[in-house]
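Inspection log for the structure reproduced underneath, given as structure tokens.
Values in this text are rule-based calculations from the coordinates and carry no lab data. Bear in mind that the values here come from a model prediction, so they are computed numbers and not experimental data. FYI the Cβ positions are ideal-geometry reconstructions off the backbone, even for glycines, and counts take in every protein chain you see.
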């Protein structure tokens, strides 16, 4: 296909005999000189040909990706999904997976309750979802909360002052401390009616 586009765009005939000669080991010295002379005289076209192939590959990859996202093929078929499963979980698009008994709707925000083990004690950190980070292997590394609050499970039976407001706009929790994560997907119209400090885990 690349050779076909090269001939059309550059109005040049691709010398397949030269390509074959470059791959051959049965050439005389004179034949080798002729082949390399031809290649030297065509360096500009060869460079443009490789630029065209890279550009065409990037364009095709972009169009395929946009088509998959536009027609939501990645939500319907596992084959088309990104390797980053956390994107679908934190965006809420996982609700459209065939094996999930729910449906995706426009989400205004996500409230998270994260159960953590810190120094042998268990705490629940609650807040609005802000971001997440992956390590070099594509595994979840940490989760970032906005307007975080915290309570200890040891105080579950005490009704007063259960939650402690963390004096931080954003709070990062490393995955090594996380036991489990509860996510509450909130529609735009329901956001003002929901507080992230729910008691579910």
Checklist outcome for this item: Quick shape check on segment 107-193: root eigenvalues a ≥ b ≥ c of the Cα gyration tensor, a/c under 1.5 is rounded, otherwise prolate if a/b tops b/c, else oblate, and it reads oblate
Checklist entry - Between residue 117 and residue 165, what length in nm is gained on full extension when 0.36 nm per residue of separation is reduced by their alpha carbon distance? => result 15.4 nm
Checklist outcome for this item: Quick shape check on segment 64-125: root eigenvalues a ≥ b ≥ c of the Cα gyration tensor, a/c under 1.5 is rounded, otherwise prolate if a/b tops b/c, else oblate, and it reads prolate
Checklist entry - Between residue 176 and residue 37, how many nm apart are label points set 7 Å from Cα along the C-beta direction? => result 6.7
